[in-house]
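The values are calculated or read from the model by the stated rules, or taken from the named source; none is laboratory data. The structure presented is a predicted model; accordingly, all values stated were derived computationally and were not measured. A quick note on method: Cβ atoms are made from the backbone with ideal geometry, for glycine too, and the neighbour counts reach across all protein chains shown. Surface areas here come from the heavy atoms of the whole protein model, side chains and all, with no ligands, DNA or RNA. Shrake-Rupley method; radii C 1.70, N 1.55, O 1.52, S 1.80 Å.
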Amino acid sequence: MTGVRWQLRAALILLGGAVRGAVQYRADIVFTMIAGALYNGAGFATIWVVLDRFEVIAGWDIGDMALLYGMRLVAHGLWLVPFNQLDWFSDHVREGSFDRYLVRPASPLLQLLTTRIQFSPFGDLISGLVVLGAAMSAVDVDWGPLTVAYLVFALIGGALIEGGIQLALSSIAFRTLKADQVKLTVDSVFNLFGNYPARIFGTAGQLVLSVIPVVFVAYLPASVLLGRVDAAGLPAVVAWLSPLAGVVVATASYLVWRRMLLGYQSSGT
Amino acid sequence: MTEHLAFMRTRISEVLTYRFELLFQLINPLLQLLLLAAVWRAVYAGKSDVDGVSVSTMTTYVTLSTLHTLLMHDQIVHWVEQRVRSGAVGIDLVRPIPLLRQQILSQASQVAVKVPMMAVVFPVAVVTTGLVAPAAPGLYALSTLLGWLINCCVLLLIAAVAFWTLELGGMTFLYYVVSQFLSGALVPLWFMPGWLRTAVEWLPLQATVFTPVAIYLGKDGWGGIGVQAMWLVLLGAAVVLVWRRALHRVVVQGG
Amino acid sequence: MPLIEARGLVKDFHRPRRRTGRFAGLRTLVSRERETVRAVDGVSFSIESGELVGYLGPNGAGKSTTIKMLTGILTPTAGEVTVAGVVPWRKRQDNARNIGVVFGQRSQLWWDLPLVESLRLVGKLYRMPRTRYEENLAKFVELLDMRPFLDTPVRQLSLGQRMRGDLAAAMIYEPAVLYLDEPTVGLDVIAKERIRKFVADLSSTSGTTVLLTTHDMDDVEALCERLILIDHGKVLYDGTPAALKDSYAPQRELVVQLASPCEVTVAGARTVESGEGVVRLSFDPAETPAAALISELFGNYPVTDVSLQETDLEDVIKKIYAGRS
Ligand SMILES: Nc1ncnc2c1ncn2[C@@H]1O[C@H](COP(=O)(O)OP(=O)(O)OP(=O)(O)O)[C@@H](O)[C@H]1O
Ligand SMILES: [Mg+2]
């Protein structure tokens, strides 16, 4: 009764409720999606303007950079679409409204994620797909079944890394009641530094970004696809296996979450 | 004068209630700073000079534009929106200080809080990215003041929309995104493609960040000040007009 | 084997020690120092299937904390708890299928959905067979008089309507155990009455085991066959309301109407109040049987009427709370 099949069915039931609740805010849907897309557009515009004048950055031209940017953004969108409700998680913990997820017969995390439907993440995902699509025809990569499969795994792996890190950081709130600022800051690091070849940040920078581990989201797999496994000072095999990093990070994070959940204190009122 | 000071004092303590969040707000500009400095160093790729702009000029540009952007970030739009929506703007109206002047004092209060914050960022910025000496300190100070005033005007115009729509939704967020680009905070105008540069030059936002920093670097002078003054007059007049109509709305409709 | 069993339950809460003075906010955040509050301190009880138990105590006694441990919301610091053979915090989802919970302060319903949609979602989450669900829904709509607001979004319901909705949502899947944490708080007399009737009905017809916390002694008088009284996280009393009255307030009162005012002195009874032809006597029925007292009164005084007062639970509880450390 608590198996994976039941959890998926419960997710569908709860999503049904969330969709019905969301219909009331239809006007907001389009606007938030556009806002999400524009925000990412501005990020890419910077790269584009710089490269319009300078052509390459650390050997990456505009097509390569678009591939990197697109992969990172799709990975970002892929985790944000299902996991955006984590943004409200520490509020639930602080106010004790997380209680309700603990007395229903479905995974508390799954119930949290299906509380409401948010539309701005779809803006991220769509704009990511647009950039990635354009980049795929611009770069010098032979897109066969193998490379496409690698790309897909890399995107899922990247999503699992970002999502896993955010989940682990969120679960701090079970103890401290607050984790928003830390989460936002780490999210900024991914959003800013994940879009550039890690080599430009020097040895210390690369080390930090490998540990966090920003480079595994898109930079390493993109450099594998582009056939330049110069990888942030890491062995080439690490770059090749980077999509697996997501599975490791996500599993570890889920265990952390489960552990921290036992320390949930509810609220006095 | 004393009531102005008292007003500012309460505003400052309001801002300071969120001092912890404010400290975290410093992290983002710092990250941006590190990123941009690395990007420029990488694209220069060892060249000492591109289009007559040296690497040290570019890193100084990054340091200063980050600080200026921090100075421009302001809660005023959010405040006005809240006051209008809750109807508390009616209370503000009967205060001894005119409503519009209250808003400008609010913005000045935020600067008072932000200056010590910048004292934290500044040394870090200088160490990590670098800074050359100013070409014209006096002119730079004047230009900074004008840039700040222009930014105040733009924010007040956006905030005024709340009087009609009651909420600004994602508009502030969109403005934040667009302004980063159009103010020159991310890329200086001299490295923009021609058509984009022309478009940006015709907009007021470049006068908030790009102009003062360019003057600091000796890439602009009295000409830039002139453009800033023109924008200030135009936008200032627009603010006065729009806010007069907004107040009229509040008085007629009772908020 | 009892349905609910708690043995030596303890719950400590940790809160960051608040700093005061300069940079208080920052120092609170940086320091790892935490203070511990023991909300539940070694509570043991066992509840058999079908019992309706009142769980009472003053504010901050640890009632809600205990219920949260029984529901699996909180992990106990020490001690053991099983509900229908399941350790709640270890197997939350299994436990969830056995229990219904209503917190008077906070709704468990979907805020944006009409009430009937919320109930439907609950039915599906608990895998109710369709016909059974429809039957129960019809029955609850009837019993709780929910028809007028069945299609109203939960956010627009009044407190009393919402509470009825929450009760229905907690019971529609027929759990064996129902926890009610202050279900009548803030409700008017009629609404309270309706909820009491619903709970009494459930307990007698479906044999649902109910654990109820409340500050309203009328709830207790109307419903509970058994009381567990706690304070400072410790059990003070566990037994029937009658035995509680007997042990904490053994004195009963007799009101005597007299034809003409006069001084009344009887052995084994104390005069509490006298005047205008009415005298209130207090006595201990264990020492002086009421019958003996009454016949003595009729023999010696111009008595027109006597009435024996029921001991008020409210007064008993008040006395216990007042006498605590
Ligand atoms: N989440 C929490 N964090 C810290 N302390 C808590 C928390 N919940 C309860 N407490 C403390 O534990 C003690 C018991 O609280 P509890 O809510 O169990 O009392 P209660 O008996 O339900 O009281 P009431 O009648 O007021 O509802 C109180 O001192 C309370 O301050
Ligand atoms: Mg309580």
Largest-first ranking of B:Tyr18, B:Tyr140, C:Tyr55, B:Tyr176 by accessible area, probe 1.4 Å, whole protein assembly kept, is B:Tyr18, B:Tyr176, B:Tyr140, C:Tyr55
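If you take each beta carbon of peptide C:118-125 and count the beta carbons of other chains within 10 angstrom, what is the mean?
4
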In degrees rounded to 10, the 0-90 angle between helix B:137-165 Cα long axis and the longest Cα principal axis of chain B is 40
Mean-square fluctuation maximum in Gaussian network of chain A, Cα pairs under 10 Å, restricted to A:Asp140, A:Asp124, A:Asp87, hits A:Asp140
Of A:Pro221, A:Pro145, A:Pro197, the most mobile residue in a GNM of chain A (C-alpha springs, cutoff 10 Å) is A:Pro145
Relative to chain A, whose Cα atoms define the longest principal axis, helix A:120-138 and its Cα axis are tilted in degrees, nearest 10, by 20
Once normalised by the length of chain B, the mean sequence separation of its alpha carbon contacts under 8 Å that are 6 or more apart gives a contact order in percent of 27
Note on the protein assembly as shown, DSSP bridge orientation, antiparallel percent to nearest 5 equals 75
Mean per-residue count of partner chain Cβ within 10 Å for A:57-70 equals 1
Candidates C:Ala168, C:Ala242, C:Ala286; GNM for chain C (alpha-carbon contacts under 10 Å) flags as most fluctuating C:Ala286
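Go through B:11-17, C:178-184 and give me the packing order, highest mean Cβ count within 10 Å leading.
Final packing ranking: C:178-184, B:11-17.
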Partner shielding of A:91-104, taken as the mean number of other chain Cβ atoms within 10 Å, equals 5
Cross-link reach from C:Lys139 to aspartates and glutamates, straight Cα distance under 13 Å and at least 8 residues apart if same chain, gives C:Glu174, C:Asp201
Helix C:313-322: inclination vs chain C longest Cα principal axis, degrees, rounded to 10, gives 80
Expressed as a percent, the accessible surface of the stretch B:2-249 that is carbon or sulfur, using a 1.4 Å probe and the full set of protein chains, is 69
As straight-line cross-link partners of C:Lys234, the qualifying aspartates and glutamates (C-alpha separation under 15 Å, not fewer than 8 residues apart within one chain) are C:Asp12, C:Asp41
With every protein chain in place, the accessible area of B:Glu167 for a 1.4 Å probe, in Å² rounded to the nearest 10, comes to 110
Listed by chain and number, the lysines with an alpha carbon less than 24 angstrom from that of B:Lys114, same-chain partners under 8 positions apart left out, are A:Lys183
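As a check on your grasp of the helix formula, calculate [θ] at 222 nm for chain B: sum -39500 (n - 2.57) over DSSP H runs of n ≥ 4, divide by the residue count, round to the nearest 500.
Mean residue ellipticity at 222 nm (helix-derived): -25000 deg cm²/dmol.
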With -39,500 (n - 2.57) per DSSP H segment of 4 or more residues and division by the full residue count of chain A, the 222 nm estimate, nearest 500 deg cm²/dmol, is -23000 deg cm²/dmol
A 1.4 Å probe over the protein heavy atoms gives the stretch A:2-261 a carbon and sulfur accessible-area percentage of 69
Rounded to whole angstrom, the alpha-carbon centroid of the stretch A:89-124 lies from that of the stretch C:117-171 at a distance of 22
The distance between the Cα centres of the stretch B:185-207 and the stretch C:34-89, in whole Å, is 66
Note on chain C, DSSP bridge orientation, antiparallel percent to nearest 5 equals 70
Between the alpha carbon centres of the stretch B:1-57 and the stretch A:50-86 the gap in Å comes to 24
